[in-house]
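Below you'll find the structure, written out as structure tokens, and then a few comments.
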Amino acid sequence: MTTNNQQRNPLLLIHGIDDTGAVFYRMGKYLKQQGWSVYALDLVPNNGAVGLDKLAQQVADYVAKEFPPEQPLDLVAFSMGGIVSRYYIQRLGGINRVQRFITIASPHHGTVIAYGSLRPGCVQMRPNSALLNDLNSDVAMLEAINFTSIWTPYDLMIVPAKSSQMPVGREVVLPVGLHPWMLTDARCLKVVAETLTEPIKPYPQFAYTENFQKSPLGDSNI
């Protein structure tokens, strides 16, 4: 793999609950104009009816199908998509493909809004869920890549909003009024573009991944 710090990797966008890849229309257009090759997939179903680990497998399958195995990638993920992407990175080998990873308004420590649904994916986004506790138990994995969490303190979907804070990586807090506005706010778009041009960490990113990476959660843990 190339370690050219100025490279612009193919960029994969991962949407949130009840969304499709179309939610990134403005961001995708903005980044394409600045020279990125932008990809997005539609997670199915998108309403929390299946576990986020199952959606993460869709990400893994898409990457395997669309990109050669030696091609590094960058990921930008919104809301639920951030947790789906973390599962892909931390449990399905994505740590060996992804060089820059940005989450936007993602419930890394859960959101109380998720108590409003019994759907498996929503249950997994509750505070202290088995899936979130598992991912957060070795969140240090993300130190091997360029990781950034962007969030707003005014978020009414990620409650409390500080759930988007992470103990690793870079944090960017923007005073954006509503959860969905994060994907169209000019300040957020600028931060995303700047972050995607930051020097990458050299490979091997996570040399002990094969020996020490946790196995994917079984159905009994979800």
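The values are calculated or read from the model by the stated rules, or taken from the named source; none is laboratory data. Since the structure is predicted, the reported quantities are computational estimates derived from the model, not experimental observations. Reconstructed Cβ throughout: ideal geometry from the backbone, glycine too, with neighbour counts over all protein chains shown. Just the protein is used for accessible areas: all its heavy atoms, side chains included, with ligands, DNA and RNA removed. Shrake-Rupley method; radii C 1.70, N 1.55, O 1.52, S 1.80 Å.
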Out of 21, 169, 35, any idea which swings most in a Gaussian network model of the chain, alpha carbons joined below 10 Å?
-> 35
Eligible lysines near residue 29 by straight Cα distance, threshold 20 Å, same-chain separation 8 or greater | 190
In straight Cα distance, which aspartates and glutamates are under 14 Å from residue 54, not counting same-chain residues fewer than 8 positions off?
-> 42, 219
Of the heavy-atom accessible surface of the chain (probe 1.4 angstrom), what whole percent is carbon and sulfur?
-> 54
Amide H contacts of residue 98 (H built 1.01 Å from N, under 5 Å, at least 5 apart or other chain) | 73
Result for the range 1-133: accessible area per residue, probe 1.4 angstrom, in square angstrom, of 38
Residue with peak Gaussian network fluctuation, the chain [Cα springs, cutoff 10 Å], from 110, 94, 81 = 94
Value of [θ]222 nm, deg cm²/dmol, for the chain, DSSP H segments ≥ 4, -39500 (n - 2.57) each, nearest 500 | -8000 deg cm²/dmol
Environment charge at residue 58 (Cβ cut-off 13 Å; Lys +1, Arg +1, Asp -1, Glu -1) = -2
Looks like the range 1-101, by Cα gyration tensor root eigenvalues a ≥ b ≥ c and the a/c under 1.5 rounded cutoff (else prolate when a/b is bigger than b/c, oblate otherwise), is oblate
The distance between the Cα centres of the range 94-142 and the range 3-68, in whole Å, is 17
